[in-house]
Amino acid sequence: MLIRTPNDLGALIRDRRIKLGMDQKSLAQKVGVSRQWIVAAEQGKPRAEIGLLLRTIQVLGIRLSTDKESPNNTKNTGRTPPVDIDSIIATARGKRK
């Protein structure tokens, strides 16, 4: 699924939650947020905190991956190498010291 807007991400969260047979209250408890926050996220709240969104998709077992697009905005036909997020974070933390 291609996620381009907050509404797309909200729909993905809602769909996965429903497929897992989970209600909004139980998801909120597992994520550590209010039920109202889950409602807003599922509705595509554009200013939802990224850390909470990442925690939500982790709880739901959603895996993120990246694909590069060519300059003319069409999907690249070649495989892109996986992004090593741990290395990026380690490098960023090293620069702050």
### Message
How compact is segment 6-59 by the rule of thumb for globular proteins, expressed as Cα Rg over 2.2 N^0.38 Å?
### Response
0.96
### Task
Output the relative contact order of segment 6-59, whole-number percent, from Cα pairs under 8 angstrom with separation of 6+ residues.
46 percent
### Message
At 7 Å along Cα-to-Cβ for each site, give me the label-to-label distance between Lys25 and Leu52 in nm.
### Response
1.9 nm
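Throughout, read-outs are computed from the coordinates displayed, never taken from laboratory work. Not measured: the values here are computed from a predicted model. Cβ: placed from backbone, ideal geometry, glycine included. Neighbour counts: every protein chain shown.
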